[in-house]
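First, the structure itself, so that you have it in front of you.
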Amino acid sequence: MDRVTKLAPQKAVVIFSKSSCCMCHTIKRLFYELGVSPAIYELDEESKGREMEWALMRLGCSPSVPAVFIGGKLVGSTNEVMTLHLNGSLIPMLKDAGAIWL
């Protein structure tokens with residue numbers, strides 16, 4: 001849990017992912033298309049990835065990946081991010097966090 005809570009506020013957008021997850025790829029692609037340069041932690045490539053995955057689940061991420069933090073706060077997984085994007089709330093949230101400027 002400590003590692004996740006220390007990494008989450010390190011950048012405006014932090015994504016915990018798995019390299020083999022198609023939904024993780026989709027979320028990363030969305031942020032890149034919006035001009036965001038997120039910090040990405042591939043849990044299947046991290047030495048403590050399994051522990052980090054359990055910590056994300058304890059924080060309420062279900063499924064555990066992708067787990068998106070904006071401005072150090074947990075936003076959620078694919079459903080939450082896509083809902084924010086479709087209702088127009090994601091861009092202002094990213095601006096407030098300093099992830100994008102336009």
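The values are calculated or read from the model by the stated rules, or taken from the named source; none is laboratory data. Computed from a prediction, not measured in an experiment: that's the story for all the values here. Note: ideal-geometry Cβ built from the backbone for every residue, glycine included; neighbour counts use all protein chains shown. Please note that ligands, DNA and RNA were not included when accessible areas were found on the heavy atoms of the full protein model with its side chains. Shrake-Rupley method; radii C 1.70, N 1.55, O 1.52, S 1.80 Å.
Sort out which residues of region 11-29 are closer than 22 Å to Leu102 by Cβ and in contact with a helix residue (DSSP H, G or I) (Cβ under 7 Å, 6 or more places away or on another chain), and write them in order of number.
Of everything in region 11-29, those that are closer than 22 Å to Leu102 by Cβ and in contact with a helix residue (DSSP H, G or I) (Cβ under 7 Å, 6 or more places away or on another chain) turn out to be Ala12, Val13, Val14, Ile15, Ile27.
For every residue, the table says whether it meets (1) closer than 15 Å to Leu7 by Cβ; (2) open to solvent by less than 30 Å² (accessible area, probe 1.4 Å); (3) in contact with a Phe, Trp or Tyr (Cβ under 9 Å, 6 or more places away or on another chain); (4) of a type in the set (Val, Ile, Thr).
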{"position": "Ser37", "(1), (2), (3), (4)": "no, no, yes, no"}
{"position": "Glu45", "(1), (2), (3), (4)": "yes, no, no, no"}
{"position": "Lys48", "(1), (2), (3), (4)": "yes, no, no, no"}
{"position": "Glu53", "(1), (2), (3), (4)": "yes, yes, yes, no"}
{"position": "Gly60", "(1), (2), (3), (4)": "no, no, no, no"}
{"position": "His85", "(1), (2), (3), (4)": "no, no, no, no"}
{"position": "Ile100", "(1), (2), (3), (4)": "no, yes, no, yes"}
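Could you grab the pairs with beta carbons closer than 9 Å, sequence gap of 6+ or different chains, first residue in region 75-90 and within 22 Å of Lys18 (Cβ to Cβ), second one buried (at least 17 other Cβ atoms within 10 Å of the Cβ) and of a type in the set (S, T, N, Q)?
Going by the 9 Å Cβ cut-off, the qualifying pairs are Ser77/Ser64.
Right, another one. If I ask for residues that are charged (D, E, K, R) and surrounded by 13 or more Cβ atoms within 10 Å (Cβ to Cβ), which ones from region 62-83 would you list?
Glu80
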